[in-house]
Amino acid sequence: MSKKKKLMAETELASAEIIHPAEDPKLRLLNVSYIYSKGTPFEMKALDSVSLDIHRGKLTGIIGHTGSGKSTMVQLFNGLTTPTSGKVLLDGEDIWAKPKEIGKIRFRVGLVMQYPEYQLFEETVSADIAFGPKNMGLSGEEIIERVNEAASFVGLPQNLMDQSPFDLSGGQKRRVAIAGIMAMRPEVLVLDEPAAGLDPQGRRAIFSGIKRYNRETGCTVIIVSHSMEDMAEFCDDVVVMAHSKVLMAGSRDEIFSHAEKLEEVGLDIPQITRLALMLEKEGITFPESLYTVGYATEAFAALFDLGEGGGV
Amino acid sequence: MPLIDIKNLSYAYREEEGEPISVLKGIDLSINEGEYVVILGHNGSGKSTLAKLMNMVVDDYEFAQGQILVDGIDVLSEEITDDDVLNLRKTVGMVFQNPDNQLVATIVEEDVAFGPENLGIPHPELRERVDRALETVGMSRYAHHEPHRLSGGQKQRVAIAGIIAMMPRVMIFDESTAMLDPIGRREVIETLEMLNREKGITVISITHYMDEAARADRVIVLDDGKILLDGTPAEVFAHKEKLRAAGLELPQCTALCYELMAKGLKLEGPFNTPEQCAEALTRAYRRREG
C-alpha cells in the first residue's frame, strides 16, 4: 500500500462515527457505500456511508423496509457483493484485503438467503445438510456429528434424515436449508427472512432454533426480518435501516423505547408496543417499554395489583 | 342461496406412487354474497387446496368428492361444460402468493387487460375496465410502467387490478400478503377491504396473519383438513387452546387481555384489535381509579 493510500485509509477510519460501537466487534462496517447500476439512469445508492458494529456472540436483528438497504448489507457481510467504497472488517480485518481469498470468508460468514428451500438438491435430507461440511474437507465422523447437531438445532426429527428433501413440507424444507448452513458452523450466521411465509408456530420453531444455535455455539447471528414482533422476542440487538442508512442501532430495550420514531418511518412496531403508546395517551404509563406479551402481562399485572406473577 | 355452497367435500392427491394423501376431510361451508371471510390454518392444513378447488385450479380431480356449488353450478360435477368453467372463472377471481408469478405483460396496463381480453371483452369497454381497475387499486399513475420495477405491494395491486377488470363477484386471496413487507401488506389489505366494503365483492382471504383475521366479518379455522372453528373474530379468538393446537397464535394484544382475565382482571371485550384492547384496559383502569 502506498503511503498516500494508507493515510487515506486511516483518515477514513478516524472520520467514521460508528453506530452502536463495540470494543471488539465481530463485524464492522466502516463508511460503507454501495451503489447499484452505477453510471446508468437506474443508478441507486443502496447504502450510504454506513458505519456500524455487530457485537460478538449476539443475536442481532436488522429491520427496515424493502429497499432500505438491509439485504445489500447482509450480502456485504460475507463478501457476496463488494462495497463501492468503505470497508467491511471481520475480527478487525478487511475481508477484501486479499480478494482472491474471499471464498474463505464465505466459510466464516454463512448466509442463508430468502426462500432457501429452493436451493435444496441432494437425494436425502442428511446428504443435503452434509454438503457444506463435506466441501470444507471435514472427516466422515465430523460430518455426521455436524449434520446431527444442525438437524437438532432446527428440530428435524431423525426419521426424516433419509427421506428426499423434496417430499417434505415447505416448513421442513426451510429447516433443512438452514441446517445446511449451520452444519458449516460459520462464525457468523446471517439469515435473510428465515421465517417468511411460515405459519405462527413454524416461525416460532425456526426462531427458537436459531436462538439456541446462537446461545449454545456462541456464534454471532444476524437475522433480517420484517417482523418486529419476532425481533422483539428473539434478538439481543436491533439495527433499524431507513433510506440506505442506519436510522438507529442498539439493544432491543433501547430501540423499542423509541417506538414512536419507528412508527414515523412506517415500520410495524409490535402490537403490544402500539397498545402501550395508546394507553400512554390516556395517561397510563409503564416504567419500561413493552414489546412482548410476557413482559406486558407482568407490567399490567403490577399495574392492576393482580396476584400470582404480578410484578413486585 | 349462498354464493358458494360446499357440501361434504373431501379431497386427496396421489404422488407418483403410493396411497393417495388426504388433504380435505368432509368440509361443509356456505359463503354468502358480500361476506368478508378469512380462512386460517397452519401450513399444510388444506386451506390453499380448498381455495383452489373453488376456482377449479387444482391439477387432479380423481380423489375429489362432495359438492362445490358456485353460484349454483357444481364445480365437481362430471357434466360440467366449458361454458360453465368460463362462467366460474368470471365469477371467482384469484390472487396468489407470489406477485412475480402472476404478471405476464411488460407494461402494467397490458397486464391488467390480459384477463378481460381473454374473456372477449370488446375494445371501448376493455379500455374502461382497465382504467377503472387501476384506479380502484390506486395504480393509475403506473399504467405505463414496467411491472418488474414496482415494489412487491404494487405488483400485487396490479395483479388484483387484473382480476377486478374481469369483474368477479368473489375474490380469493391465497396468502397474497405472505411475501410482502409491512407496507405492501397494508396496501393489499386496505385494497381487499375496500373491494368488499365499497364494491360489494365477496372476499375470501387465506392467511396465517392473525391480525388480518381480526378485521374480517367471519373467520374459519382449518386444521387437518377439517373445519375446526367458524365464527366472528371474537368468537374464534376465544378458543385460545384450540387455536394453539391448530398451530396458530392469538394476536399479541388479544393474548394479553385473555392472560390478564385469567389472572382475575375484569375486562369487557371485544379484544380483536389493539384499539379495542386499549379501550378495554383503559376502562378497567378508570374503573379502578374511579
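Listed values, structure above:
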| quantity | calculated |
| --- | --- |
| Scattering curve values for region B:124-176, log₁₀ I(q)/I(0), Debye with Cα scatterers, q = 0.24, 0.29 Å⁻¹ | -0.95, -1.21 |
| Kirkwood Rh, Cα atoms: Rg over Rh of region B:251-290 | 0.95 |
| Solitary cysteines of chain B, where the nearest other Cys Cβ is not under 4.7 Å | B:257 |
| Directionally averaged shadow of region A:116-171, computed from the convex hull of its alpha-carbon atoms, nm² | 3.8 nm² |
| Packing rank of A:36-43, B:145-152, where each peptide gets the mean count of other beta carbons within 10 Å, highest leading | B:145-152, A:36-43 |
| Principal axes of region A:270-312: Cα extent on each, largest first, Å | 27, 20, 13 |
| Amide H within-cut-off set for residue A:85, under 5 Å, with H built and near neighbours excluded | A:33 |
| Most mobile listed residue (A:300, A:166, A:234) in chain A, GNM with C-alpha springs under 10 Å | A:300 |
| Residues whose placed amide H lies under 5 Å from that of residue B:39, excluding near-sequence neighbours | B:205, B:206, B:207, B:220 |
| Over chain B: helical MRE at 222 nm, DSSP H runs n ≥ 4 each giving -39500 (n - 2.57), nearest 500 | -11500 deg cm²/dmol |
| Region A:207-312: GluC sites (Glu not before Pro) falling in loop per DSSP and having at most 16 other Cβ within 10 Å | A:282, A:288, A:308 |
| Alpha-carbon centroid distance for the pair region B:109-149 / region A:73-98, whole angstrom | 45 Å |
| Mean residue ellipticity (222 nm) of chain A, computed from DSSP H runs ≥ 4 via -39,500 (n - 2.57), nearest 500 | -12000 deg cm²/dmol |
| Of the GluC sites (Glu not before Pro) in region A:100-168, those whose Cβ has at most 14 other Cβ within 10 Å and which sit in DSSP loop | A:123 |
| Per-residue average of Cβ from other chains inside 10 Å of A:269-281 | 5 |
| Overall dimensions of chain A by Cα: Rg and Dmax, Å | 21.1, 70 |
| Taking A:100, A:211 and counting other C-beta atoms within 10 Å, the order from fewest to most | A:100, A:211 |
| Cβ neighbours within 10 Å from other chains - mean over A:295-303 | 4 |
| Pairwise centroid distance, computed over Cα atoms, of region B:181-254 with region A:259-300, Å | 23 Å |
| Cα-based Rg of the protein assembly as shown normalised by 2.2 N^0.38 Å, two decimals | 1.04 |
| Distance between modelled label sites at residue B:230 and residue A:142, nm, 7 Å Cα→Cβ extension | 5.9 nm |
| Simple Cβ-charge dipole of the protein assembly as shown, Lys/Arg +1 and Asp/Glu -1, about Cα centre, in debye nearest 20 | 2060 debye |
| Per-residue Cβ neighbour rank within 10 angstrom, fewest leading, B:208, A:243, A:20 | A:243, A:20, B:208 |
| Surrounding net charge for residue A:121, when Lys and Arg each add one and Asp and Glu each subtract one, Cβ distance under 12 Å | -3 |
| Extreme residue, positive dipole direction of region B:62-121, given options B:94, B:116, B:70 (C-beta unit charges) | B:94 |
| Sequence-distant residues sharing a close amide H with residue B:27 (under 5 Å, placed H) | B:8, B:9, B:10 |
| Residue order, fewest to most beta carbons within 10 Å, for B:82, B:223 | B:82, B:223 |
| In region B:207-290, GluC sites (Glu not before Pro) in a DSSP loop with at most 14 other beta-carbon atoms within 10 Å | B:268 |
| Gaussian network model of chain A, springs between alpha carbon atoms under 10 Å - residue of A:83, A:200, A:186 with greatest fluctuation | A:200 |
| Residue-span extension gain [residue B:286 to residue B:240] - 0.36 nm each, minus C-alpha spacing | 13.8 nm |
| Value of D in µm² per second that Stokes-Einstein yields for chain B, Kirkwood Rh from Cα pairs, at 37 °C (0.692 mPa s) | 161 µm²/s |
| For region A:181-191, 3J(HN,Hα) per residue [Karplus equation, 6.51 cos²θ - 1.76 cosθ + 1.60, θ = phi - 60°, Hz, x = Gly/Pro] | 7, 4, 5, 7, 6, x, 5, 10, 10, 10, 10 |
| Rough spin-label spacing in nm, given labels placed 7 Å along Cα→Cβ, for residue A:100 and residue B:1 | 7.8 nm |
| Net +/- balance of residues flanking residue A:25 in space, Cβ distance below 13 Å, scoring K and R +1, D and E -1 | -2 |
| Extreme residue, positive dipole direction of the protein assembly as shown, given options A:183, B:189, A:37 (C-beta unit charges) | A:37 |
| Efficiency of FRET between residue B:140 and residue A:131 - r from beta-carbon atoms, R0 41 angstrom, step 0.05 | 0.25 |
| Computed label-point distance, nm, for sites residue B:125 and residue B:82 using a 7 Å Cα→Cβ extension | 2.0 nm |
| Dipole magnitude of region B:251-290 about its Cα centre (Cβ charges: Lys, Arg +1; Asp, Glu -1), debye to nearest 20 | 220 debye |
| Charge sum, other residues only, whose C-beta stays under 13 Å from residue B:216's C-beta, Lys/Arg counted +1 and Asp/Glu -1 | -4 |
| Residue-by-residue Karplus 3J(HN,Hα) for region B:18-30, coefficients 6.51, -1.76, 1.60, Hz, glycine and proline x | x, 6, x, 9, 7, 10, 10, 10, x, 9, 10, 7, 10 |
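All of the numbers you see were taken from the coordinates with simple rules; none came from a lab. Because the structure is predicted, anything quoted here is derived from the model rather than measured. With ideal geometry, Cβ positions are generated from the backbone for all residues, glycine too; neighbour counts draw on all protein chains shown.
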